[in-house]
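**Student:** Following this message is one structure expressed as structure tokens.
None of the figures in this text is laboratory data; all of them are computed from the coordinates on show. Predicted model, so just to flag it, every value in this text is computed and none were measured. Here Cβ is always computed from backbone atoms with ideal geometry, including for glycine, and neighbour counts include all displayed protein chains.
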Amino acid sequence: MAIKILRNFTKRMFSLFFKRKGNISLGFYGPPNAGKTSLANRICKDWTGEEIGKVSKIPHETRHVQFKEEVEIKYKEKSLKFKLIDTPGIATKLDYEDFMKFKLNKKDSQKRAKEATEGIIEAIKWLDDVDAVIIVLDSTKNPYTQVNITIIGNLISRNIPVLIAANKIDLPKADIKKIEAAFPEYEVVGISAKYGKNMDEFYESVFNLANKV
């Protein structure tokens with residue numbers, strides 16, 4: 001156990017020392033359908049003209065970690081290169097029958113549930129390789145959930161810098177203040193990844209986050 005802890009510490013220190021010469025690994029985490037891939041796509045389209053992945057109204061459309069290398073983001077005459085890491089939505093419970101509500105047949109629902117479970121495990125493992133994390137939350141939903149607390153707990157235990165993106169502020173039920181009250185220790189910036197609303201403030205917050213790395 002001590003050897004493993006020392007190895008992880010050494011790996012982390014090596015990463016911290018050399019990261020300024022390369023990309024900052026920026027992970028996107030959050031519950032299913034909060035808009036992680038939509039936000040990653042928005043950033044990629046803003047700065048590379050390409051998307052990182054497919055989005056869908058069906059939960060767990062992203063079931064494997066996907067990433068985009070060397071995304072250069074510019075803000076106020078400054079620029080930083082990021083490796084964007086889009087992860088599957090974190091869930092504490094998966095039931096294939098939930099997917100059947102979206103008109104998937106039983107076989108496809110079971111396959112999706114299995115892949116989603118594997119994706120969650122993969123996402124948690126990737127926490128060892130990210131420098132900073134953007135937690136994407138749906139600002140129309142209650143932030144006080146077991147899933148969100150689980151995500152925050154994992155990040156606290158690893159001492160990873162965090163920015164919370166309160167997504168979907170274009171919707172009438174959006175309530176950023178609830179998210180700010182739930183996680184007062186972190187900066188919260190309200191955005192609409194779908195429509196690109198408030199992205200200038202978001203990019204400023206991303207640069208502030210990078211300074212904590």
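**Student:** Could you derive backbone 3J(HN,Hα) for the range 194-204 from the dihedral phi with the Karplus parameters 6.51, -1.76 and 1.60 (θ = phi - 60°), listing whole Hz in sequence and x where the residue is Gly or Pro?
**Tutor:** With the stated coefficients, the range 194-204 comes to 5, 9, x, 7, 6, 6, 4, 5, 4, 5, 4 Hz.
**Student:** I would also like to ask the following. Restricting attention to the alpha-carbon atoms of the range 23-82, what are Rg (one decimal) and Dmax (integer), both in Å?
**Tutor:** Calculated on Cα positions, Rg and Dmax stand at 12.3, 39 Å.
**Student:** Pop a pseudo-label 7 angstrom from the Cα along the beta-carbon direction at both TYR186 and ILE124 and give the gap in nm to one decimal.
**Tutor:** With each label point 7 Å from Cα toward Cβ, the separation is 1.7 nm.
**Student:** Please list, in order along the range 205-213, the HN-Hα scalar couplings obtained from phi with the Karplus expression 6.51 cos²θ - 1.76 cosθ + 1.60 (θ = phi - 60°), rounded to whole Hz, x for Gly and Pro.
**Tutor:** Per-residue couplings from phi come out as 5, 5, 5, 5, 4, 4, 5, 8, 6 Hz.
**Student:** Right, next: Could you run the Karplus curve 6.51 cos²θ - 1.76 cosθ + 1.60 with θ = phi - 60° over the range 77-93 and give me ³J(HN,Hα) per residue in whole Hz, x for Gly and Pro?
**Tutor:** Result, ordered by residue: 6, 10, 8, 9, 9, 10, 9, 8, 10, 8, 10, x, x, 7, 9, 9, 8 Hz.
**Student:** Using just the helices of the chain, give the 222 nm mean residue ellipticity in deg cm²/dmol: DSSP H runs with n ≥ 4 each add -39,500 (n - 2.57), and the total is spread over all residues, rounded to 500.
**Tutor:** -12500 deg cm²/dmol
**Student:** Search the structure for amide H atoms under 5 Å from the amide H of GLY190, placed 1.01 Å from N in the peptide plane, and list their residues when 5 or more places away or on another chain.
**Tutor:** Residues meeting the amide H criterion: ALA166.
**Student:** A further question on this structure: How large is the Kirkwood hydrodynamic radius of the range 24-210, in angstrom, based on all distinct alpha carbon pairs?
**Tutor:** 16.6
**Student:** Which order, highest average first, do 124-132, 72-80, 94-102 follow once you tally other Cβ atoms within 10 Å for each residue and take the mean per peptide?
**Tutor:** Put in order of decreasing packing, that is 124-132, 94-102, 72-80.
**Student:** Can you give the net charge of the other residues whose Cβ lies under 14 Å from the Cβ of LYS103, counting K and R as +1 and D and E as -1?
**Tutor:** +2
**Student:** State the three equivalent ellipsoid semi-axes of the range 105-194, derived from the C-alpha gyration tensor as the square roots of 5 times its eigenvalues, in descending order and whole Å.
**Tutor:** Values for the range 105-194, descending: 24, 20, 11 Å.
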